[in-house]
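K.L.:
The structure follows.
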Amino acid sequence: MAERITKKICLRITRWNHLNDIHRSNHIFLDDFMRKIYLASSWKNSEKIRSLAIILRKNGHQVFDFTDDSGRQNGLDTYVFNARKLFGNSFYEMNHKEFLAKSETKRAFLSDKAGIDWCDTLILVLPCGNSSHIEAGYAKGKRKELIIYGNLPKGSFDTMYGFSEEIFFEDELDHLIEHLLIPVECTLFFDYW
């Protein structure tokens with residue numbers, strides 16, 4: 001608890017200093033405060049992902065939304081891949097090696113990996129499955145900010161969520177939006193574990 005409080009104080013001081021430097025130079029660069037966000041989650045949350053992407057974009061952030069089939073997002077060649085819809089009943093007959101050998105699966109993997117490489121912040125939207133958690137681990141290994149957001153029931157814990165910079169419950173969307181105003185380099189200022 002003390003580490004989180006200390007971290008928030010340090011972040012606010014760092015943010016204030018950053019804003020003060022911008023003010024002194026008489027230049028305001030909105031890009032300094034806008035994030036490149038990758039939303040990692042399950043297809044079961046597609047409506048939640050779409051609405052969160054809209055909110056984040058309205059707040060000036062760039063968002064990689066895996067459910068967006070409009071084509072290119074943020075200069076990336078995105079490929080919307082819903083395996084159950086694409087492969088139909090054969091999906092349930094495939095093993096992992098067969099699934100990963102499919103050209104559509106390879107294209108989806110490269111598209112999502114490019115999105116994670118592009119982002120500076122990954123938001124893991126719960127509940128979600130193994131793939132989303134692997135995406136979060138990959139992003140953290142690439143020194144991206146990891147935020148966990150969603151339904152976190154009492155009595156159900158994941159120790160490794162300690163890798164995240166912040167955790168926001170589903171009813172804390174306003175706090176998440178506020179947190180995203182802090183430049184990402186300030187949130188990754190130090191490791192506290």
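K.L.:
What are the residues in segment 120-154 that are farther than 19 Å from residue 110 by Cα and without any contact (Cβ under 8 Å) to a residue 24 or more places away in the chain, if any?
P.N.:
153, 154, listed by residue number.
K.L.:
Quick check on residue 173: is it aliphatic (A, V, I, L, M), on the phi < 0 side of the Ramachandran plot and either surrounded by 15 or more Cβ atoms within 10 Å (Cβ to Cβ) or part of a strand (DSSP E or B) (or both)?
P.N.:
Considered against the rule, which asks whether it is aliphatic (A, V, I, L, M), on the phi < 0 side of the Ramachandran plot and either surrounded by 15 or more Cβ atoms within 10 Å (Cβ to Cβ) or part of a strand (DSSP E or B) (or both), residue 173 comes out as no.
K.L.:
Still on this model: What is the residue count in segment 36-50 for residues that are out of contact with any Lys or Arg (no Cβ under 8 Å at 6 or more places or on another chain) and part of a helix (DSSP H, G or I)?
P.N.:
Number satisfying all stated conditions: 7.
K.L.:
Could you grab me the full set of residues in segment 85-129 that are surrounded by 13 or more Cβ atoms within 10 Å (Cβ to Cβ) and of a type in the set (Lys, Arg)?
P.N.:
Once the filter is applied, which keeps residues that are surrounded by 13 or more Cβ atoms within 10 Å (Cβ to Cβ) and of a type in the set (Lys, Arg), segment 85-129 yields 102, 107.
K.L.:
While we're looking at this one, here's another question. Taking residue 178, is it at pLDDT 85 or above, over 18 Å from the mean Cα position of the chain (by Cα) and at negative phi?
P.N.:
no
K.L.:
Looking only at residues that are under 13 Å from the mean Cα position of the chain (by Cα) and among the aromatic types (Phe, Trp, Tyr) in segment 130-163, which one is surrounded by the most Cβ atoms within 10 Å (Cβ to Cβ)?
P.N.:
So, considering only residues that are under 13 Å from the mean Cα position of the chain (by Cα) and among the aromatic types (Phe, Trp, Tyr), the one surrounded by the most Cβ atoms within 10 Å (Cβ to Cβ) is 149.
K.L.:
Is at least one residue of segment 60-68 β-branched (Val, Ile, Thr), modelled with pLDDT under 80, surrounded by 13 or more Cβ atoms within 10 Å (Cβ to Cβ) and in a loop (DSSP other than H, G, I, E, B)?
P.N.:
Within segment 60-68, not a single residue is β-branched (Val, Ile, Thr), modelled with pLDDT under 80, surrounded by 13 or more Cβ atoms within 10 Å (Cβ to Cβ) and in a loop (DSSP other than H, G, I, E, B).
K.L.:
What number of residues within segment 98-112 are more than 15 Å from residue 85 (Cα to Cα) and of a type outside the set (Asp, Glu)? Break it down stepwise before answering.
P.N.:
Narrowing segment 98-112 to residues more than 15 Å from residue 85 (Cα to Cα): 98, 100-101, 103, 106-107, 109-112.
Among the residues that remain, those that are also of a type outside the set (Asp, Glu) are: 100-101, 103, 106-107, 109-111.
Count: 8.
K.L.:
Separate question: Considering only residues of segment 84-131 that are assigned to a loop (DSSP other than H, G, I, E, B) and at pLDDT 90 or above, which is nearest to residue 180 (Cα to Cα)?
P.N.:
120
The values are calculated or read from the model by the stated rules, or taken from the named source; none is laboratory data. Values in this document were obtained by computation on a predicted structure and should not be read as measured data. Reconstructed Cβ throughout: ideal geometry from the backbone, glycine too, with neighbour counts over all protein chains shown.
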